[in-house]
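Here is the structure we will look at, set down as structure tokens.
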Amino acid sequence: MTTLAADREIEHLMTLHPKGFDLSLDRITRLLERLGNPQDRLPPVIHIAGTNGKGSCAAFSRALLEAAGHLVHVHTSPHLVNWHERYRLAAEGGGKLVDDDVFAEAIARVAKANQGQKITVFEILTAVTFILFSEHPAEAAIIEVGLGGRFDATNVISRPAVSVIMPVSMDHEAYLGDRVELIAAEKAGIMKRGCPVVIGAQESETALEVLIETAERLDCPTVVYGQDFLAFEENGRMVYQDEDGLMDLPLPRLPGRHQFANAAAAIAAVKAAGFEISHRAAEKAMTSTAWPARMQKLTQGRLVELAPKGAEIWLDGGHNPGAGVVIAEALAEQEEKNPRPLILIAGMINTKDQTGYFSAFKGLARHVYTVPVSKSDAGVPNDELALRATEAGLSAEPVNSVADALMLLRDSWDGPAPRILIGGSLYFAGAVLDENGTPPT
């Protein structure tokens, strides 16, 4: 892969500043003051937190706004292959990933303003978000939280158009707490007094209570999935319902029943932010939403060519037990429509509950190949990951790479063409897209 100017700037920053997160707003606040507080000059912001579904909500929100003719900036993290994926700048006909020279110049400017003081690379790159989004015209900005909420570097936005809390479950316990109510409280930290709040579908009643109580304490106009809005399937269509009535829409392009709730949260968020969404725009958005490495079907590329003939290949970066459940449900739906033997190729990092993730696939997956995660120092060794899968009741074996797994499967397969899920980590999914030659655009 060619080293781009922005990559060189980021690599230099990584030699100067510690890796990882240091949850506090002091450093980012100081830096933004030196830059003239660009976070106060943004278009209306849709600020999205949650454990699972943040990226899908961002993708649906972007599709809705663009289908309605609006210019939209989008910030997401982490990236899959290139850092540029985190910054999509508004453009006529649909946003585009930031140009390398524009990105590199913004990084250099922010780094210079920091004057070598202690800071994390994520904080510098968050300041870059605010610089880019304040200097390029748009009518809305969608900003995804990096980690948690209360002390995430994005949480310097004082008056969001809407704060969105997607499903909360156990993840990043070392930073956010070891009980779901503590994690919910951290996510709720993006709510601002008097600003609208949308609460997406919650699997935990305890988390939901914390979120609603926080919104009420801050006098936030609040809409809650299942109470004030919802979505369901009827006659092969998705029906969205809120106090304004019903919208009969095509099924979301993103597969899996969990995407109904994600799409519904996006519709509710865009409306709460003050944008009108016509039925026609909503229809267009459901069929045009794209979100790489979230139940993404791989149909071509270098890795795809190594698979057994006729194999169906899915890629998903979900990496915790909650994500495992929704991915397994999506694959079970596929199994009902078109039965095929399911094979998993998994790579995970050591901060995740690997056994919990694999447990969701018990009785569904025929076999698991475990592979190393090349893009992360925290990757779980493939033999150890195979043990975790075995603990979850699955048949598993370690191999050295995705390519090895696919070739081993191809050479030994005897039966109907399999369905293959490659997943377990966003880092891993990004490496797969890179190796396959199909990075996000």
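Would you call Ser169 in contact with a Ser or Thr (Cβ under 6 Å, 6 or more places away or on another chain) and of a type in the set (Gly, Ala, Ser)?
Values: in contact with a Ser or Thr (Cβ under 6 Å, 6 or more places away or on another chain): yes; of a type in the set (Gly, Ala, Ser): yes.
Yes; evaluated as a whole, the condition is true for this residue.
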So Phe151, is it in contact (Cβ under 8 Å) with a residue 60 or more places away in the chain and either over 19 Å from the mean Cα position of the chain (by Cα) or within 24 Å of Pro440 (Cα to Cα) (or both): no
Single unsatisfied condition, Trp314 versus (1) out of contact with any Gly (no Cβ under 7 Å at 6 or more places or on another chain); (2) at pLDDT below 95: (2)
Qualifying residue in the stretch 25-44 (condition: more than 28 Å from Glu276 (Cα to Cα), in a loop (DSSP other than H, G, I, E, B) and of a type in the set (Gly, Ala, Ser)): yes
Some residue of the stretch 375-392 being over 14 Å from Ile345 (Cα atoms), in contact (Cβ under 8 Å) with a residue 60 or more places away in the chain and either assigned to a strand (DSSP E or B) or of a type in the set (Phe, Trp, Tyr) (or both): no
Any chance Pro255 is at pLDDT below 95, closer than 29 Å to Glu333 by Cβ and of a type outside the set (Lys, Arg): yes
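Per-residue answers, yes or no, for (1) free of Cβ contacts under 8 Å to residues at least 12 places away in the same chain; (2) under 25 Å from Ala261 (Cα atoms); (3) more than 20 Å from the chain's Cα centre (by Cα); (4) crowded, with 16+ Cβ neighbours inside 10 Å:
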{"site": "Gln300", "(1), (2), (3), (4)": "no, no, yes, no"}
{"site": "Leu303", "(1), (2), (3), (4)": "no, no, yes, yes"}
{"site": "Leu306", "(1), (2), (3), (4)": "no, no, yes, yes"}
{"site": "Lys309", "(1), (2), (3), (4)": "no, no, yes, no"}
{"site": "Gly318", "(1), (2), (3), (4)": "no, yes, no, yes"}
{"site": "Ile327", "(1), (2), (3), (4)": "no, yes, no, yes"}
{"site": "Gly347", "(1), (2), (3), (4)": "no, no, no, yes"}
{"site": "Ser359", "(1), (2), (3), (4)": "no, yes, yes, yes"}
{"site": "Arg366", "(1), (2), (3), (4)": "no, no, yes, no"}
Filter pass, Ala290 being crowded, with 22+ Cβ neighbours inside 10 Å and out of contact with any Asp or Glu (no Cβ under 8 Å at 6 or more places or on another chain): no
Filter pass, Arg62 being part of a strand (DSSP E or B) and in the same structural domain as Thr129 (by TED's automatic domain parsing): no
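Of a type in the set (Ser, Thr, Tyr), over 30 Å from Ile183 (Cα atoms), out of contact with any strand residue (DSSP E or B) (no Cβ under 7 Å at 6 or more places or on another chain) and not assigned by TED's automatic domain parsing to the domain that holds Ser376 - does that describe any residue in the stretch 129-142? If you could, list the steps in order and put the result at the bottom.
Quick first cut of the stretch 129-142, residues of a type in the set (Ser, Thr, Tyr) only: 129, 134.
With the extra rule that they be over 30 Å from Ile183 (Cα atoms), the set shrinks to 134.
Right, trim to out of contact with any strand residue (DSSP E or B) (no Cβ under 7 Å at 6 or more places or on another chain) and you get 134.
Subset that is not assigned by TED's automatic domain parsing to the domain that holds Ser376: 134.
Within the stretch 129-142, one or more residues are of a type in the set (Ser, Thr, Tyr), over 30 Å from Ile183 (Cα atoms), out of contact with any strand residue (DSSP E or B) (no Cβ under 7 Å at 6 or more places or on another chain) and not assigned by TED's automatic domain parsing to the domain that holds Ser376.
The values are calculated or read from the model by the stated rules, or taken from the named source; none is laboratory data. Quantities reported herein were computed from a predicted structural model and do not represent experimental measurements. We place every Cβ from the backbone using ideal geometry, glycine too, and count neighbours over all the protein chains shown.
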